[in-house]
Amino acid sequence: MINLIQEYRPNGIAVTDLSAQLWCEKQLEFALERGRKETAEMKAGKKRHRKLHEEVAVLIKVEPKTLVDSVALKLHNAQVGLKRMILTGMTREVPLFGKINSLFVMGITDELYLKEGRLHILDTKTRQRNSMPSESQKRTTRFQLMLYNRLIQDLVSKKFTTEDLLNFYGFKISDNISDDFKKQIDNIGDKIEPNIKKLCDETFELFQRLPSPEKIMRIRYEFQQNKQLIGSDEFNFDGVGFQRDCNFVEEFWLGKRKAIPVGINNSWKCNFCEFNDICKEKPNG
Ligand code: SF4
């Protein structure tokens, strides 16, 4: 099955930005303003995820020409991913859309699988060091998975609908993908529904056929050097903590307050921060 890839990403807040906010909000603000430097660890992580994706899909690069094209591409990939899971029991890199409080959010969940009629969420993180991450890092990644869980729950239960998606982007129900993009997809022998509303309906109907995701989730930590498992972090969806964190991250995006730097107990994080030199708000600065 073919998954299409692109460089340009449509608007919407990324799940990974929301989870990074729990690590250090000030750092996220710097990253949004100035961009992130890609470290060797990040590159290796990306490479590993691509490899994992290629284990289940053929990836072909395409170039969306319009915003409709970019959103259509994500919907198409979600569709391909869900069909794969329904057929084989497992899939990887499924794009998700939804709302977290008042924020429109997008993400790509690492791995989904169906076992005995239940839907499970699994994530793989690669590490440069052969040890489990700090509690702080675990908390950030758990929040990331809980966000995926919530987005899927809302898609399954029709809480997030085609209308919500079209409204966010300001799309009309008659909007179609561009002829150029359609031609690119035809040329690789793939098919895509050209009308954005129909494509969205088709995709969301597939989500609605799934059971609600299990509350217990698992994160695999893998050593980058030899791809061996370091350990797994299994945890339960913590509804109260999740809502508290959602409220916290939302305030920043709504401009209700300035970005908060780490506190004194977490000042060790500044030693690993690429913005350490310019950050005037770090606790020991
Ligand atoms: S130096 Fe510390 S407080 Fe400043 S952005 Fe980096 S981690 Fe956050």
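The values are calculated or read from the model by the stated rules, or taken from the named source; none is laboratory data. Computed from a prediction, not measured in an experiment: that's the story for all the values here. In this analysis, Cβ positions are derived from the backbone assuming ideal geometry, glycine residues included, and neighbour counts consider all displayed protein chains. All accessible areas refer to the heavy atoms of the entire protein, side chains included, with ligands and DNA or RNA removed. Shrake-Rupley method; radii C 1.70, N 1.55, O 1.52, S 1.80 Å.
Annotations
- Complete set of residues in the stretch 189-221 that are aromatic (Phe, Trp, Tyr) and not in a helix (DSSP H, G or I): Tyr221
- Restricting the stretch 66-96 to residues that are in contact with a Phe, Trp or Tyr (Cβ under 7 Å, 6 or more places away or on another chain) and under 29 Å from Glu251 (Cβ atoms), the residue that is most open to solvent (accessible area, probe 1.4 Å): Leu67
- In the stretch 253-267, the residues that are open to solvent by 30 Å² or more (accessible area, probe 1.4 Å), at negative phi and either touching a residue at least 60 places away in the same chain (Cβ under 8 Å) or in a loop (DSSP other than H, G, I, E, B) (or both): Trp253, Leu254, Lys256, Arg257, Lys258, Ile260, Pro261, Gly263, Asn266
- Long-range neighbours under 9 Å by Cβ, at least six apart or interchain, first residue without any contact (Cβ under 8 Å) to a residue 24 or more places away in the chain and among the small types (Gly, Ala, Ser) within the stretch 227-238, second open to solvent by less than 80 Å² (accessible area, probe 1.4 Å) and part of a strand (DSSP E or B): Ser232/Arg218; Ser232/Ile219; Ser232/Arg220; Ser232/Tyr221
- One residue stands out among those in the stretch 48-67 that are in a helix (DSSP H, G or I) and free of Cβ contacts under 8 Å to residues at least 40 places away in the same chain: the one that is farthest from Pro194 (Cα to Cα), which is Lys51.
- The stretch 184-205 - residue that is hydrophobic (A, V, I, L, M, F, W, C) and open to solvent by 10 Å² or more (accessible area, probe 1.4 Å) and, of those, nearest to Leu96 (Cα to Cα): Ile192
- Residues of the stretch 225-251 satisfying the condition of being exposed (fewer than 13 other Cβ atoms within 10 Å of the Cβ) and assigned to a loop (DSSP other than H, G, I, E, B): Gln225, Asn226, Lys227, Gln228
- Qualifying position, being more than 23 Å from Phe242 (Cα to Cα), surrounded by 20 or more Cβ atoms within 10 Å (Cβ to Cβ), in contact (Cβ under 8 Å) with a residue 40 or more places away in the chain and not charged (D, E, K, R), among Phe143, Phe181: Phe181
- Screening the candidates Ser70, Ser19 for the property of being in a helix (DSSP H, G or I), within 16 Å of the ligand (Cβ to nearest atom) and of a type in the set (Ser, Thr, Tyr) yields one hit, Ser19.
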